[in-house]
Each structure stands twice: as structure tokens, then as C-alpha cells.
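Data block below; observations after.
Just so you know, all these numbers are worked out from the coordinates, no wet-lab data involved. Just so it is clear, the structure is predicted and the values come from calculations on it, not from any experiment. Cβ coordinates were reconstructed from backbone atoms using ideal geometry, including for glycine residues, and neighbour counts include every protein chain displayed.
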Amino acid sequence: MTLRLAGGLVLALGSALALNWSYFVQHGAAASLPPLTLRRPLHSLAALFGNRRWLIGFWTGIGGWILYVVALTLAPLSLVQACAAGGLAVLAALAGVRSRRERLAVVTSVVGLVLLAVSLAGHVRTSQHANLRDAAVWMLASVALAGLAAGPGASLLNRAAGLGMAAGVLYAAGDVGTKAAVSGGFHPAFVPALLACHGLAFVALQLGFQRGSALTTAGLATLWTNALPIAAGMFVFGDPLPGGALGVARVAAFAAVVVGAALLTRPGAEHTEQIGEPRSRGPRIVGAAIAALVLLVCVGAVRASIDPPLPGYTLIDQGSAGGTVWSGRIPNRFVPTDTRETDIYLPPDYSPTKHYPVLYLLHGFWGAPSSFVVSLRLADVADSLIRDGTARPFIVVMPPGGLPDGSKRQRADSEWVGVWEDFVVRGVVPWVDTHLPTIPTARARAIGGVSAGAYGAVDIALRHVGVFAVAESWEGYFHPFRDGPFKTASPATLVAHDPVLLARKEATAIRSHRLRFFLSTGGSHGSVKRLWTFEFDRELRALGIAARMWAQPPGVPGFGRNQLPPALIYAEPPGS
């Protein structure tokens, strides 16, 4: 677990304590004030802000919310919310649990939260993306659901329960808006919407406090505030959902949290009903509605929690059209101590009965396979190309390289030579052809990379002509530097790893095997490496070797994502 992620979790726990304590304090203060009314909002607000105890709770809640926002900038929404959800037990302890039903509700909810923690603990590597359009749709649907809960839903449950549910749904919508606002930069368009959601939730919560107990009103608000953002984290922001047993635990967690909410909404859990007030006449309707919600959540989670294509692999990302990225270990007999994982992208509608071409991508240093998944959003881009018919379905394999231990400088010096060259050619490629439904011929294999990975891809392809049909260099270089593995290298070793000299030496074999090259350069490449890229392109063309040059002018942002679609298309086997 990284320090950044750990910090996010600590802040999430602190946020939960502050927010739930503020709920309890505000309930006690609001219950002692004259009835609030929306007909005189300013008068009602003045009464609240004029109460010292309520004001302490209010500012504590603001502090908790600030901690939550900071936590969202450090960790995925679902993981932050799962930690914050533990605040329900704190709330129950503060408010006091009196009835058997309340105890069962709290126990059920806590079991659900524990299962959530277990399912998340199985995978601490996370990748996520922000789908801002889906976030906006989620928020609009949440506002509609909150309106139903506070209006028609209140006649089915009870007034306090309906308002508590509405507050929770609106707070959750505000949290989704907050995550959207801080994901991938700052998106100010979400600020008015998230503030409106939090403002409406605040009003609904205060009205609920005056019409019911702290546990029912704030308990429902807490449950929905936690459950909905966890779901949104996975389905809107791409937080990874585990496969196998951990996926089952996640589904059970969702069901337990929602059932706990259903138990709290039953009139029997309410202690402040007025004498003579009619009890809800629709418990069966409520039960059916909750059961339907549980079913929908479970079906959605089960659908997402598909069986891993390989034993021990974990789902870490999903593309816009159903493609998936899995992470697991490919045994490395050349560096047995390396236990790092390889990321594998599988296309939409992947089937083990079909056969696919494969692109091998090598990261730069100090990088990791996740750089392609997170920074370049490879799954979304590949899914889009396949969905539009621009590319046929393909697999992408992203292995780890460089020293697994040591300083960043040492890892940067490792490059893709020596044992790492052997790992790719003699380890990864045969393993993938054995365990996945590939087209096991050079014609259907491509290798590429970024920076040092680009150098490694070209070097490996030239040193093993006949293994790959395409070699791609994304802002790479074409002369070995005298550092890292080449610091004490002999002249013969340097010649053996110089792509320019290798291309000249192997030109006949390259043309015979129809090895093609894709070279790209952008504004962040550096003038020397950019010049080398153009020179290597001219060298290949002079040798009669097929090559494509993709250049982005200096000063234009977004090189990686701009060049990714043409790079993926070029890696396709001819005639596919």
C-alpha cells in the first residue's frame, strides 16, 4: 500500500468520526428547537445557526467533509467510502441501540461493511478513470430518487425514514460530484451541482431529525451515503471490482448494507412516533422495493465480477465497451525473486474459443504496467477502436521490467536488456501463448513501449527477428546510453544493442519477415531523442524497411493519448 493511499484511508476514517459525531450533536440540538418549515427557510436557518450546540455539530461536519474531499484526491471513491462506512457503528454507539431490530440492523450493516473491507483488502493496486457524463447522469437520477423518498416514499415508510433516505441519497450524489470535480484535474462545472445536493441533503436531514430518532434518520443517511458512492466508484469511475471469492464478498456486502437499511426503515425501529399516528400500511411494498434493489445491485455486481481468465488474476479496470484489464504474476525464471504482476487487457466479448493477436507493451523507467492502464486509459481507447470496427479484437500484455528492488535510480538503470530481454522473449511470450487463446505466430505479435520501454521494444525486435511482426517506439531512443547495464559494457556489447547498427545488419532478414516499425515523437521527447527518431525513420526507409512516423508538434499537450489510437491500429496484423 502506498503512502498516498494510506493517507487517504486515514483521512476517510477521521472524516467518518467527525461526520457521525456531528449527526448526533445536530440531532439533539434540532429536536429541542421549534419545528423547521420550508415556508420560512430563513427563519428556520436562523434558529439552527443561533443554537450553540447545533453550530458545533455543523462546523464539525464541515471539517469532516473537508477531510473526505482530501481523501478523495488520494484514493478511489469506493475505497474511501468503504472506510468511511465504518462510522455507522460509531453512530449507533453514540445514539444507543435499544430494540432487537435496531441491534439486528446494526449487526447486519457492520457485517456488510466488514465484507466490503475484506473484498477491497484483496487488491490495493487501483486504477480508475472519471466518466464525467455518467457522473452527471448519476447525480440527476439521485435527485429524482431523493424526491421519491421524501415524497411518496414517506407515506410507505415514515416521515423521518423517508427524509433520512433522501438525505443519504443526496449526500451520495454530492460525493459523486465531488469525486468528479477532482478527478483528472479540476472540473468546476460540478461545483454548483454538488453544493446544491449537499444543501438539499442538509435540509432533509434537519427535517428528519425533528421527526424521528437519530439512529433511524442519520442511520439511513449514513447507509445510503456509503452504499451509493461505493457502487458509483466502480460503475462510474472504474474502481476495480475483484473476481472470484472476493467478488462474491463484495456482492454479499452490498446486500447486507441494503438489508440493514431496510431493517432501520421499518416502523418498529422508530421510538419517537406520536401516539395515534398511523403506522405504515405498506411494509410488504417496502420489502418488495428493497428486495428489488438488492437484486439489482447483486446482479450488477455479479455481472461485473466475472471469473478471471487465469487463476489468481484480479480485475483492475474495465473499458467503456466491456473490455477488461487483469493483473497477476507470470513466473520469471530469470529473476525468481521478482513477484511483481503483469497487466493483461482482454477485448470486449472475449472468448477462450477465439484466437487473438497480441501487443506486448514495455513501460518506461521508473514506470510500471499500470502506467498504460491509468495514464493512457488503454482499456477505454482499445474498446472504442474495437467497438467502432477500426480494429479487430486484440490482447495487450504489459509485463514488469527492471530491478524489482533498489532505489529509483537503480531501477531506472535496468532497462529492457539482459535478464529482462530474456524474460520477455523466453518467458512472457511462450507463457501467454500457452495460457491465453492467442494466434501463436510472429504475424500476430507486436511489441512496443514508451521511453526506455520503446528502446527495449525496438532492441528486442531487432535482436529476435521472426518473433514479432511490428515494433513500436513511443518517444524512445535509438542509441544505448553508457549507464545502467551498459555502464561497463564492452564495445561489442554496445554494438549488439544499437538499433541503428542492428537494422543495417539484419536488413535482409527484417524485409524477409516483413517486420514493420511505428515511431512516434512529441513535445516532451527532448530535442536529441526527437532528432534520433527522425534519423532512425530515414535509416529504415533507406534500407527498404516498412515504417510509419507519427509526430506531434512541440507545445501540443496530450501526446500519449493522442498517439495511442494510431499506434494500436498499426499493431494489427495485415489484412485483419
- prompt: What is the packing order of peptides 175-183, 63-71, taking the mean over residues of other C-beta atoms within 10 Å and listing the highest first?
  reply: 175-183, 63-71
- line: Residues whose modelled amide H sits under 5 Å from the amide H of Thr438, counting only those 5 or more places away in sequence or on another chain, are Tyr356
message: Can you tell me the length gained on complete extension of the stretch Ala496 to Ile66, counting 0.36 nm per residue apart and subtracting the Cα distance?
response: 149.1 nm
Three-way shape label, the range 314-570, alpha-carbon gyration tensor, a/c 1.5: rounded
- prompt: Given 0.36 nm per residue, what is the gain on full extension from Arg443 to Arg52 after removing their alpha carbon distance, in nm?
  reply: 133.3 nm
query: Amide H to amide H under 5 Å from Tyr360: which residues, 5+ apart in sequence or cross-chain, H placed 1.01 Å off N in plane?
result: Val397, Ala446, Ile447, Gly448
